[in-house]
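Accompanying notes for the structure given below.
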Amino acid sequence: MKRLDDYRLSFPGQGRGGRNEFVPIMIGGMGVDISTSDMALEAARLGGIGHISDAMVPTVSDRRFKTDYVKERLKKYKSVRESANKLEAQFDLGALAEAQKRFVSAAMEAKRGPGLIFINCMEKLGMNAPKATLRERLIAALDAGIDGITLSAGLHLGSFALIADHPRFRDARLGIIVSSARALQLFLRKNSGLDRLPDYVVVEGPLAGGHLGFGMDWAKYDLRTLVAEVLAFMKENHLGHIPVLAAGGVFTGSDAVGYLDMGCGGVQVATRFTVTRECGLPDAVKQEYFKANEEDIEVNTLSPTGYPMRMLRNSPAIGSGIKPNCESYGYLLDSKGHCDYIDAYNRELARVGDEGKVRVYDKTCLCTHMRKFQCWTCGHYTYRLKDTSRRNADGSYALLTTEHVFRDYQFSTEHQVLLPAA
Ligand SMILES: Cc1cc2nc3c(=O)[nH]c(=O)nc-3n(C[C@H](O)[C@H](O)[C@H](O)COP(=O)(O)O)c2cc1C
C-alpha cells in the first residue's frame, strides 16, 4: 500500500546548494496570518514546505512585533476619511518593505530542519499602487532570505519582470498558482523573454479555501481533470521536469498519493491545518470550523477582489455594514483608490440614512474582517474536520498539531485519518 512518504519532491535547477529532496507536502499560504510562521516552521522542520503569507503584513507586524504601521497610516490619512476616493491614501513603500523584511527574517532565522519556507504573495492585494507595492513585497521577501515565493490570486503576468534584476531571481524558488492550463500558458508566454521558468506550478481546483480562480460556475470543474490538462500541457512543451502540485480538496494521504501517481510532484494542502494549535485563527473560530456541516459552507461573491470566495455561512463578516477602513488598511484599493466595498457601503448608507443601521450583504470589508478573523474562509471539506479529532469532555473538539496532521498525510494509507491520542 503506497504512502505519500514513498515519494519525494525536488525542484529543477542545480547549484542552489543544500538538499533538494522534500516530503511532497506543501502547506498552502493562508492570509491573514492563518498559516502562521509557527505552522510554516513545523512543515520545514518535518522536511516539507510551509508557507507564510504577506497579506496585510504591516498589520500582522503590529500584532506580532508591536510596530505602529496602522496607527501611523491612520494619522497620515485621517483627512481622506469622508472621501469615497482613497487615491491619496498611498502605502509608504519604505514602511512596507521594512515590515515585510522583519516578518520574513524572523521566520527564516527561526527555521530548523531540512524543509523550506515560502511566502504566498497575492496579486489582488492592489494596495493603491499594484505594481509598486507588489514589487516592494517581492524584493523585500527575497532580501530577507525567503526560500521561495508562490505567486497567487492573479495571473501575475508582470511579476517576474518586477524582480528580474534581483540577485536572487534565479536562486530563490519561484512558483505560481493556476486554475487552468490556459492561465499557465499565458504566464509562460508573458515571461518567455526573461529566460526564467517557474520552479513549480500549483494547480488549484474549485474545492480550495480562500479565493477561487473560477467563476460562480466553479462546481463544473474538477481537480483531477485540471491536473491532467496541466500535466499534458507541460509534457507537450518539454516542461515535464517542473513539479506540479495539486491543491484543493486533498483531504487524506491516499488522496495525495492519487495525484503523485498521476505524475504530480506533490500536493498543496490547507484546510486540515486550520484546526491545529499553530494555526492563527482564534481557538473559538477553530471550533466553528470543526462544527461546520456541508450546508454551512458557501461560495459567494462578497469579496471586493471580484473572485468568488468560500466561507462559513455564519461568518460575522456576512451582512456587516462596517464603515470602510481604508485609511488604516486599504489593501484592496486599486490604482484609482477604489474598492467595491466602498460603493456597496455608500449605497446602503444612502438608503437607510444616518439613523438606520447599515447592513451590507453583497460585499464585505475584507481588510477589516480578515484582520479580525471574522471572515471564516475555508475549504470545501471543512465539514469533514470533525472526523479528524476527538471530543473533549466539554463537547469541544481537541485541537490537533501541525506535526500530527502533516505526519498523517505523510504516512496514512487507505484514506484513513489518524485521530489524536485520547
Ligand atoms: C483558511 C484558508 C485561507 C486561505 N488563504 C489563502 C490565501 O491567502 N492565499 C492563497 O493563495 N490561498 C489561500 N488559501 C488556499 C490554500 O493555500 C490552498 O491552496 C487550498 O486551500 C488547498 O486546498 P485544501 O484547503 O482543500 O487543502 C486559503 C485556504 C484556506 C483554507
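Structure above, values below:
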{"quantity": "Segment Glu236-Glu295, extension gain: residue separation times 0.36 nm, minus the distance between their alpha carbons", "calculated": "17.1 nm"}
{"quantity": "Residues in the stretch 214-258 that a label on Asn20 would reach, taking backbone N under 16 Å of a point 7 Å out along Cα→Cβ", "calculated": "239-244"}
{"quantity": "Computed E for His415/Gln185 - FRET, C-beta separation, R0 30 angstrom, nearest 0.05", "calculated": "0.35"}
{"quantity": "Packing-based order for 188-199, 279-290, using average beta carbon neighbours within 10 Å, highest first", "calculated": "279-290, 188-199"}
{"quantity": "Estimated dipole of the stretch 103-170 in Debye, rounded to 20 [Cβ of Lys and Arg +1, of Asp and Glu -1, Cα centre]", "calculated": "80 debye"}
{"quantity": "Helix-only CD estimate at 222 nm, as mean residue ellipticity for the chain, using -39500 (n - 2.57) per DSSP H run (n ≥ 4)", "calculated": "-9500 deg cm²/dmol"}
{"quantity": "Extreme residue, positive dipole direction of the chain, given options Ser53, Met311, Phe22 (C-beta unit charges)", "calculated": "Ser53"}
{"quantity": "Ranked packing of 66-75, 336-345, 400-409, 3-12, most packed first, by mean Cβ within 10 Å", "calculated": "400-409, 336-345, 3-12, 66-75"}
{"quantity": "Alpha-carbon centroids, the stretch 119-160 and the stretch 214-240: separation in whole Å", "calculated": "24 Å"}
{"quantity": "Relative packing of 129-141, 37-49, which averages over residues the other C-beta atoms within 10 Å, highest first", "calculated": "37-49, 129-141"}
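A short reminder: the numbers here are calculations on the coordinates, not readings from a lab. Keep in mind that this is a model prediction, so the values were computed, not measured. Note that we place each Cβ from the backbone using ideal geometry, even for glycine, and neighbour counts take in every protein chain shown.
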